[in-house]
1. Could you give the nm distance between label points at Leu117 and Ala13, where each point is 7 Å from its Cα heading toward the beta carbon?
2. For the range 1-143, treating each Cα as an identical point scatterer without solvent, what Debye log10 I(q)/I(0) comes out at q = 0.12 1/Å?
3. I'd like the Karplus ³J(HN,Hα) series for the range 65-73: coefficients 6.51, -1.76, 1.60, θ = phi - 60°, whole numbers in Hz, and an x wherever there's a Gly or Pro.
4. Averaged per residue, what accessible area in Å² does the chain show with a 1.4 Å probe, protein chains only?
5. With +1 on the Cβ of every Lys and Arg and -1 on the Cβ of every Asp and Glu, and nothing else charged, how large is the dipole of the range 66-188 about its Cα centre, in debye rounded to the nearest 20?
6. Modelled label-to-label distance, Tyr126 and Phe56, 7 Å Cα→beta-carbon offset: nm?
7. Let me have the relative contact order for the chain, percent, based on Cα pairs under 8 Å that are six or more residues apart.
8. Rank Leu26, Leu10, Asn178 by how far each Cα sits towards the positive end of the charge dipole of the chain (+1 on Lys, Arg Cβ; -1 on Asp, Glu Cβ) and give me just the farthest.
Amino acid sequence: MRYAFTLTTLVLAVVIAQLALVPAFLPPVLRPDLGILVGITVLAFGPREFGLIAIFCLGVQADLFGSAHFGVLTLAYLAAAGVILLVAWRELVRGDVLAPWIGGLAGTVLAHVFYVLFANFFGVHYVWGQVAASLSSLAIAAAVWGLPIAYLTGRWLAWTNCLSPAVRERWANEARINAARRGKLKRA
């Protein structure tokens, strides 16, 4: 039940932010693809199955609210997540925020490259100059917003108790070490 609640709130937050908040407050060059950034973070911090389900659900919401060809963006999200899992699974699940940030940046670029390739396969042709401009804009936005999104998504997963056991253990150890350091600093 907690996984369903967590996933529902994440999807709703991404939909509201992607449709209402981001276009209203950010210039076009800083508008990230929040779905893939949140999905890669869930894949990094949560159990693997839950992460893949989150990638799928966020891909479907991206298709419903932002894609011209239904299903292609979901397929691109899943393909990008698969490539990231094959290449950097051990680095992604270490429990620090830097790995999902880099994974989100790589996932954004990969997902949209796959989107263009899959759309070309289905008969849609894009101008490569516009594709390059769009990809560079999405990469800049992912680099700027990926770290705060990874941190906030990770904290939400921790608050709803949806972290993978390895990440939960690492964060608990870091909290104990930080508490011990603060205790030593207060005594001195």
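1. Those two pseudo-labels are separated by 3.1 nm.
2. Values, matching the q order: -0.45.
3. Working through the residues one at a time gives 10, x, 9, 7, 10, 4, x, 6, 5 Hz.
4. 54
5. 960
6. Label at Tyr126, label at Phe56, 2.5 nm between them.
7. Relative contact order of the chain: 29 percent.
8. In the chain, that residue is Asn178.
The values are calculated or read from the model by the stated rules, or taken from the named source; none is laboratory data. The shown structure was predicted, so the numbers you read here are calculated from the model rather than taken from an experiment. FYI the Cβ positions are ideal-geometry reconstructions off the backbone, even for glycines, and counts take in every protein chain you see. Surface areas here come from the heavy atoms of the whole protein model, side chains and all, with no ligands, DNA or RNA. Shrake-Rupley method; radii C 1.70, N 1.55, O 1.52, S 1.80 Å.
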